[in-house]
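One structure is given below, encoded as structure tokens.
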Amino acid sequence: MPIFMDRHYLEGTSAAEVAQAHRMDLDIQDRYGVKFLTYWFDQRRGTAFCLVDAPDMETAQCVHREAHGFVANEIVEVALSAVEAFLGRIHDPEPAPGQPSGQVDPGHRAILFTDIVGSTEMTSRLGDRMATELVRAHDAVVRRCLSHNSGREVKHTGDGIMAAFAETTAAVECAMAIQKEFKHYNGGNAEPIHIRIGLDCGEPVEDSNDLFGSTVQLAARLCAAASGDQILVSENIFREYGAADLFVHATRRRLKGFSKPMLAFQCDWTGAGLG
């Protein structure tokens with residue numbers, strides 16, 4: 001059966017009430033031949049997201065309607081592999097010892113893209129074998145920084161990596177750490193690697209038919225628009241990070257796929273005092 005993720009607007013609803021609604025879905029799901037796998041709840045933004053294995057969207061909605069009346073406002077078909085890559089799980093988590101019962105992952109994620117500047121020219125100049133070795137060096141640096149900053153690799157793009165973070169602060173700090181690591185790497189290698197990075201954050205089900213659709217697109221476009229050794233972040237990242245002095249040179253940029261110019265900020269990682 002297809003797998004769906006839905007979005008509910010539940011402003012003013014508590015985590016305990018959402019947990020109870022999830023249990024009510026589980027109580028009657030067998031009548032409809034569906035299986036509610038897990039959910040995420042963002043109390044600050046008043047949104048909840050359910051992951052359900054169902055014959056079709058309407059059947060999933062019927063369970064919500066009968067169980068508690070919280071019918072989803074949006075629903076999209078998703079791949080379990082993508083859900084696990086972005087969100088880290090596809091089933092209800094086992095509560096950690098001592099974890100408060102009301103503590104729920106909100107499902108909000110920051111998305112980071114890296115890209116090796118001039119990778120095509122690098123391959124034609126150095127040859128496939130040497131270019132591959134430089135990509136491997138890039139991968140090692142980025143993956144080490146992801147590990148140290150609780151980042152999750154979503155996919156390799158050929159000359160870069162897409163990653164997801166549960167915390168916006170961790171994503172920004174990882175981006176700065178990556179650039180700092182490459183500055184150190186380039187100081188001791190005859191063939192330097194210069195990368196650009198783009199960041200945005202958002203919810204799993206947005207105004208598109210794809211998981212983190214507009215967030216992924218904006219992060220990728222910001223990465224493409226960045227210069228070598230630069231980090232560009234979205235207005236969403238700027239607002240959530242909470243340290244305005246870290247971001248400089250705010251500009252509106254026309255980015256492919258977006259109908260209006262998007263506000264982008266350059267992250268001043270060289271003055272951030274890392275390492």
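Before moving on, here are some points about what is shown:
- Inverse mean reciprocal Cα-Cα distance (Kirkwood Rh) of the stretch 145-275, Å: 15.2
- In the chain, the C-alpha radius of gyration followed by the widest Cα-Cα span (Dmax) gives 20.7, 66 angstrom.
- Calculated FRET efficiency for the pair LEU26/ARG252, C-beta based, R₀ 41 Å, to 0.05: 0.30
- The residues of the chain present an accessible area of 48 Å² per residue when probed at 1.4 Å with all protein chains retained.
- Unit charges at the beta carbon, dipole of the stretch 109-267: most positive-side option, GLY158, SER227, VAL216: SER227
- Sites listed here are trypsin sites (Lys or Arg not before Pro) in the stretch 163-270 whose DSSP assignment is loop and whose Cβ has at most 11 other Cβ atoms within 10 Å: ARG254, LYS256.
- Accessible-area composition of the stretch 7-63, carbon plus sulfur, in percent [1.4 Å probe]: 48
- Helix 168-187 and the longest principal axis of the C-alpha atoms of the chain enclose an angle of approximately 20°.
- Our estimate of slack between GLU235 and GLU94, defined as 0.36 nm per intervening residue step minus the Cα-Cα distance, is 47.3 nm.
- Degrees separating the helix 15-32 axis from the principal Cα axis of the chain, which is the longest one: 70
- Approximating the spin labels as points 7 Å out from Cα along Cα→Cβ, the LYS183-to-GLU133 distance works out to 2.7 nm.
- Cα-derived Rg over Rh, computed across the stretch 1-74 with Rh taken as Kirkwood radius: 0.93
- In the elastic network of the chain, a GNM with C-alpha springs shorter than 10 Å, the most mobile of ALA243, ALA226, ALA79 is ALA243.
The values are calculated or read from the model by the stated rules, or taken from the named source; none is laboratory data. These numbers were taken from a predicted model, which means no experiment stands behind them. Here Cβ is always computed from backbone atoms with ideal geometry, including for glycine, and neighbour counts include all displayed protein chains. Surface areas here come from the heavy atoms of the whole protein model, side chains and all, with no ligands, DNA or RNA. Shrake-Rupley method; radii C 1.70, N 1.55, O 1.52, S 1.80 Å.
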